[in-house]
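The values are calculated or read from the model by the stated rules, or taken from the named source; none is laboratory data. Keep in mind the model is a prediction, meaning the values are calculated, not measured. Here Cβ is always computed from backbone atoms with ideal geometry, including for glycine, and neighbour counts include all displayed protein chains. Accessible surface areas use protein heavy atoms only, side chains included; no ligands, DNA or RNA. Shrake-Rupley method; radii C 1.70, N 1.55, O 1.52, S 1.80 Å.
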Amino acid sequence: MSEATQDNAAVRLHDINAQIASAAKLARREAAEIELIGVSKTRDAEAIRPLLDTGHRAFGENRVQEAQAKWPRLRDDFPDTKLHLIGQLQSNKAEEAVGLFDYIHSLDRLSLAKALGKAMREQNRNVPCFIQVNIGDEPQKGGCMVGDLSDLIAATQAEGIEIAGLMCLPPADIEPAPYFALLAELAARHSLSGLSMGMSDDFPTAIMLGATHVRVGTALFGERARAL
Ligand SMILES: *Cc1c(COP(=O)(O)O)cnc(C)c1O
């Protein structure tokens, strides 16, 4: 990768942090309450390294295998990196996910809560999880239905899993603010403080509505070559 491109990633990071700070200010919140997760799916180690060099340490991946292929080496050099799994997770990958990730944002069903609970007990590892809510009631998307959320929270707690908060991916091509507001209300109703919401196109709006974790890929790294 050329030096110019590397500089770009660092410049974009700076710019996004400035946008986070100004959205936080407007919402009378502290910017430090908001974690920027750099979504590095499809990016190779050479694209990620410049951000690590600037001191950024939170990254999101959506596939266990892809993350296993590139992160162990990067982590040898930057051991305080925190990895967030943001993509759908199959129960048969729970063990690997618990071994690799520090946070999981896609706990969305009872069978997965059981598999993750078992893996955490076996590995003696605590990996806080966000419960993903299918906030737009879209059949093709992951996430638990709003009506099933209370039961899933109870089952997750019964597994001994620490619940970090709620996560959502609002429907595409429509104003996301009402969905962010609904996720915030659901979190408050269940006394959960973490809100993983907001991506490249809408993270300032998400921050206005209480996001504590924004997941930003394209705005940080540029367009992805393959759609995901
Ligand atoms: C890819 C992805 C993102 C980042 O999307 P951008 O639009 O590139 O910022 C955030 N969250 C999830 C769950 C994703 O899969």
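Just a few scattered comments:
- Qualifying residue in the stretch 70-88 (condition: open to solvent by 40 Å² or more (accessible area, probe 1.4 Å) and within 15 Å of the ligand (Cβ to nearest atom)): yes
- The one condition in (1) of a type in the set (S, T, N, Q); (2) over 13 Å from residue 119 (Cα atoms); (3) out of contact with any helix residue (DSSP H, G or I) (no Cβ under 6 Å at 6 or more places or on another chain) that residue 81 fails to fulfil: (3)
- Qualifying helices (runs of 4 or more DSSP H) (wholly inside the stretch 162-228; at least 2 residues being more than 23 Å from residue 46 (Cα to Cα) and not aliphatic (A, V, I, L, M)): 177-189, 203-208
- Candidate set from the stretch 202-228 (those that are of a type in the set (Val, Ile, Thr), open to solvent by less than 30 Å² (accessible area, probe 1.4 Å) and within 10 Å of the ligand (Cβ to nearest atom)); member that is farthest from the chain's Cα centre (by Cα): 216
- Filter result (among the small types (Gly, Ala, Ser) and touching a residue at least 40 places away in the same chain (Cβ under 8 Å)) within the stretch 128-154: 136, 142, 150
- Number of residues in the stretch 170-201 that are out of contact with any strand residue (DSSP E or B) (no Cβ under 7 Å at 6 or more places or on another chain), open to solvent by 10 Å² or more (accessible area, probe 1.4 Å) and not charged (D, E, K, R): the value is 12.
- Hey, residue 54 open to solvent by 10 Å² or more (accessible area, probe 1.4 Å), free of Cβ contacts under 8 Å to residues at least 60 places away in the same chain and either among the β-branched types (Val, Ile, Thr) or within 14 Å of the ligand (Cβ to nearest atom) (or both) or not: yes
- All positions within the stretch 137-169 that are within 16 Å of the ligand (Cβ to nearest atom), under 18 Å from the mean Cα position of the chain (by Cα), open to solvent by 20 Å² or more (accessible area, probe 1.4 Å) and at pLDDT 95 or above: 164, 169
- Total residues in the stretch 9-41 satisfying the condition of being of a type in the set (Ser, Thr, Tyr) and over 17 Å from residue 54 (Cβ atoms): the figure is 1.
- Scanning the stretch 116-136 for residues that are open to solvent by 10 Å² or more (accessible area, probe 1.4 Å) and out of contact with any strand residue (DSSP E or B) (no Cβ under 6 Å at 6 or more places or on another chain) yields a total of 9.
- Figure legend. Inter-residue proximity from the stretch 63-78: first residues under 15 Å from residue 53 (Cβ atoms), second residues surrounded by 12 or more Cβ atoms within 10 Å (Cβ to Cβ) and among the hydroxyl-bearing types (Ser, Thr, Tyr), beta-carbon distance below 6 Å, spacing 6+ or different chains. Indicated pairs: 75/81.
- When restricted to residues that are of a type in the set (Asp, Glu) and within 14 Å of the ligand (Cβ to nearest atom), the stretch 98-136 contains 1.
- Qualifying residue in the stretch 25-48 (condition: surrounded by fewer than 19 Cβ atoms within 10 Å (Cβ to Cβ), over 20 Å from the mean Cα position of the chain (by Cα) and more than 22 Å from residue 196 (Cβ to Cβ)): yes
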